[in-house]
1. Would you please classify the overall shape of region 44-101 from the alpha carbon gyration tensor, given that a ≥ b ≥ c denote the square roots of the eigenvalues, rounded means a/c under 1.5, and beyond that prolate means a/b larger than b/c while oblate covers the rest?
2. Hey, can you grab everything whose amide H is under 5 Å from the amide H of ALA191? Only 5+ residues off in sequence or another chain; H modelled, so Pro and N-termini drop out.
3. Sum up the charges of everything whose Cβ sits under 13 Å from the Cβ of ALA329, counting Lys and Arg as +1 and Asp and Glu as -1, but leave ALA329 out.
4. Take the alpha-carbon centre of region 296-340, take the same for region 50-95, and report the distance between them in whole Å.
5. Of the peptides 247-253, 164-170, how do they stack up when ordered by the mean number of other Cβ atoms within 10 Å, highest first?
6. What length, rounded to one decimal in nm, is gained on full extension from GLU126 through to GLU185, with 0.36 nm per residue of separation minus their alpha-carbon distance?
7. First compute the accessible area of the chain with a 1.4 Å probe, then give the percent of it belonging to carbon and sulfur atoms.
8. Rounded, prolate or oblate: which fits region 258-321, taking a ≥ b ≥ c as square roots of the Cα gyration tensor eigenvalues, rounded meaning a/c under 1.5, else prolate when a/b beats b/c?
Amino acid sequence: MKNATLHFEFHISITALIMFLLKTWRASAFGVYGYLNFTRNGFLEHSKKFKPEDMEIRIEGKNCVVTGANSGIGFATAEALASCGATVYMVCRNKEKGETALSKIQSSTGNPNVHLEVCDLLSISEIKSFASRFSSKDVPVHVLVNNAGLMEHKRITTSKGFELNFAVNVLGTYATTELMLPLLEIASPDARVVTVSSGGMYTTPLTSDLQFSDGKFSGAEQYARNKRVQVALTEKWAEMYKNKGIGFYSMHPGWAETPGVAKSLPDFNKWLSGKLRTSEEGADTVIWLALQPKEKLVSGGFYFDRAEAPKHLKFAATRQSHAIIDSIADTLRSLVVSKK
């Protein structure tokens, strides 16, 4: 009995050590890879290969929906799309901030076809109301940009019982995309969904513990998990809806200096002061994905600096985890259907 106990304890210790080493490797590899590629210097280096004509495409008559559009990457995206002639619908949680951002974009672009939609993406009922209102406009959606997101370091539970990061970053993104599908289908074969993920997802595999119920809660780790789900969901959507004429793409904006980063990661923001990308540089690939002919793009792909990027770092052991996305999608679907 004693030998069996020792064997069990030894096995647990080895497993724990392997997991510790994997986690350490992922974080270290991400840090080095990120410092070399995700900063402003990385953008400037990569931009030497950019083609200016890629961003000179006009999209008058196309309707673009951008969530979290009142500041940071969302604002820069909405402004750039308006500059390209699109009709832009800014989805913002705060009406006052949204109206201020709307006025700025109309003024800077000279495009009057910029509109505000007020919706808090942590609420499934609000997302459903927004989708219903928007459907009544009877306009196709050519581009949906899932940009809204947050990183909350404390465990906060919404009124519906969801962990806050998960509610906005995963469930909100899922519900918005699924409920906008009928309007995206109308715009096919040119319809597309661009989801703003994060390189932070490199540090974690996909997990079925969507609300971080096990272990000590970490807002930064939960955010990374959420962003991994977004990348895997994009693959799933591309597979599920491949015959509907809709392209699905996820992307990493790099390390950008935005209000969200300053609030959620103040030490990181301070440490890399002067080295972070601007909001416009962070939004560059979002806009590029919105403008390019779909023949140039890979539906289900993960993009960074106008090129398809790997979804997994070498030796990080995250690739096989995507096998559970079917069950995760089923869980999300049931939550959206059941919540009012």
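The values are calculated or read from the model by the stated rules, or taken from the named source; none is laboratory data. These figures come from a predicted structure and were not determined experimentally. Please note: Cβ atoms are built from the backbone with ideal geometry, for glycine as well, and neighbour counts cover all protein chains shown. Just so you know, the surface numbers come from the protein's heavy atoms only, side chains and all, with ligands and any DNA or RNA stripped out. Shrake-Rupley method; radii C 1.70, N 1.55, O 1.52, S 1.80 Å.
1. It is oblate, given that a/c is not under 1.5 and a/b is not larger than b/c.
2. GLY247
3. -3
4. Going from one Cα centre to the other spans 24 Å.
5. Packing order, densest peptide first, comes out as 247-253, 164-170.
6. 19.0 nm
7. Carbon and sulfur: 56 percent of the exposed surface of the chain.
8. oblate
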